[in-house]
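Read through the structure below, which is laid out as structure tokens, and then see the notes.
The values are calculated or read from the model by the stated rules, or taken from the named source; none is laboratory data. Keep in mind it's a predicted model, so treat the numbers as computed, not measured. In this analysis, Cβ positions are derived from the backbone assuming ideal geometry, glycine residues included, and neighbour counts consider all displayed protein chains.
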Amino acid sequence: MEQNQDVICVENMRKYYGPVKAVDGISFQVNAGEIFGMVGPNGSGKTTTIESIAGLRIPDDGDVSVLGLDPKVNTREVRERTGIQLQSSSLPNRMRVCEALELFASFYQNTKDWERLIEELGLAEKRRAFFSQLSGGQKQRLFIALALINQPEIVFLDELTTGLDPQARHATWDLVRDIRDQGTTVFLTTHFMDEAEELCDRVAILDQGRVIALDTPVRLISQLDMDMRVSFHVNGQHQVEGVVDLYTPKKAKFDPKLIGVLDGVQRMEQRGDQVIVYGKGHSLVGNVVSTLESEGVPFYNLNTRQADLEDVFLALTGRGIRK
């Protein structure tokens, strides 16, 4: 299938659970050969969206097309041509890796050689291991293998790295890239904005069941018109190497107006003793520091970082992502 051709089309899809609008009229398309990400906090409707597209749930309204098929009508064919790993995935503790793969292979007409698959995923040495004996990262690799065993054209990965340590998380990212590079379209959901920024060709930001933004990570961030975020603490407890130093500032207290008027500052937040400055320009950090020092305001824990997708979410919703 040619790249940039739509393999998933969603139009005005809705799914309700009683009075709760889990998915509230969303529309988007997924291109062949891309890693498409749906990001948002827990409870924003991501899993319901994936399950509705994959034919595991029936939407209450709207149209869904997967590889030109309607998942409600052509459920069997859609499942033959797609793979899915859900956040709630689990297996019996005493099921062996090889048994799980043989079982799942029996569900499909066309399957990949699972021995070769687990070799590619680094699980060959665990083929006789019980599910309960696998580490968190190994369990996720097994679920990826089960999602790929039918050689799908599209694979759905739902909150794939939740609970993984940093090393396993980055190894999983490499696997996702490899899946895409081998020609499979990847639709993933995550509440980790850095994960979406690192992996995804395009991102749909979902909040309270609605798509509030959709574009490449670079374009979404550039639309903020913000280069960086500067944070520091004032007038509180100073933590040094695990020791809390309770002190009363001998000099001036922090006045937010000092920072708000500086060149390059676009907005500022104060959360207790933490101050977060959003702005742009090469002189932003220097202006903030020199102003605090010239006014005699004690500050500590100064950090700077470039704008990212979490800033996009904050700008769109007025609150940070809820994990």
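So the values come out like this:
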quantity	calculated
Some residue of segment 144-158 being among the hydrophobic types (A, V, I, L, M, F, W, C) and out of contact with any Leu (no Cβ under 8 Å at 6 or more places or on another chain)	no
Count of residues meeting criterion [at positive phi and at pLDDT 95 or above] in segment 40-76	3
In segment 41-63, the residues that are under 19 Å from ILE212 (Cα atoms), touching a Lys or Arg at 6+ places or on another chain (Cβ under 7 Å) and among the β-branched types (Val, Ile, Thr)	THR48
Options GLU99, GLU115, GLU125, GLU119; residue that is among the acidic types (Asp, Glu), crowded, with 16+ Cβ neighbours inside 10 Å and out of contact with any helix residue (DSSP H, G or I) (no Cβ under 7 Å at 6 or more places or on another chain)	GLU99
Which numbered condition GLY83 misses (of (1) out of contact with any helix residue (DSSP H, G or I) (no Cβ under 9 Å at 6 or more places or on another chain); (2) closer than 21 Å to THR172 by Cβ; (3) among the small types (Gly, Ala, Ser))	(1)
Residues of segment 37-57 satisfying the condition of being crowded, with 23+ Cβ neighbours inside 10 Å and closer than 22 Å to VAL312 by Cβ	GLY37, MET38, VAL39, GLY40, SER44, GLY45, LYS46, THR49, ILE50
Meets criteria (β-branched (Val, Ile, Thr), more than 28 Å from VAL218 (Cβ to Cβ) and modelled with pLDDT of 95 or more) for VAL30	no
Filter result for the condition that a residue is more than 30 Å from ILE35 (Cβ to Cβ), over 26 Å from the mean Cα position of the chain (by Cα) and at pLDDT 85 or above, over VAL230, VAL243, VAL277, VAL297	VAL297
Residue ID - surrounded by the most Cβ atoms within 10 Å (Cβ to Cβ), chosen from residues in segment 58-73 that are in contact (Cβ under 8 Å) with a residue 12 or more places away in the chain and in a loop (DSSP other than H, G, I, E, B)	PRO71
Meets criteria (acidic (Asp, Glu), without any contact (Cβ under 8 Å) to a residue 24 or more places away in the chain, out of contact with any Leu (no Cβ under 8 Å at 6 or more places or on another chain) and in a helix (DSSP H, G or I)) for GLU80	no
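For (1) farther than 26 Å from GLU34 by Cβ; (2) at pLDDT below 90; (3) not in a loop (DSSP other than H, G, I, E, B), each residue gets a yes or a no:
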{"position": "CYS98", "(1), (2), (3)": "yes, no, yes"}
{"position": "LYS112", "(1), (2), (3)": "no, yes, no"}
{"position": "ARG128", "(1), (2), (3)": "yes, no, no"}
{"position": "SER132", "(1), (2), (3)": "yes, no, yes"}
{"position": "GLN140", "(1), (2), (3)": "no, yes, yes"}
{"position": "LEU146", "(1), (2), (3)": "no, no, yes"}
{"position": "THR161", "(1), (2), (3)": "no, yes, no"}
{"position": "ALA171", "(1), (2), (3)": "no, yes, yes"}
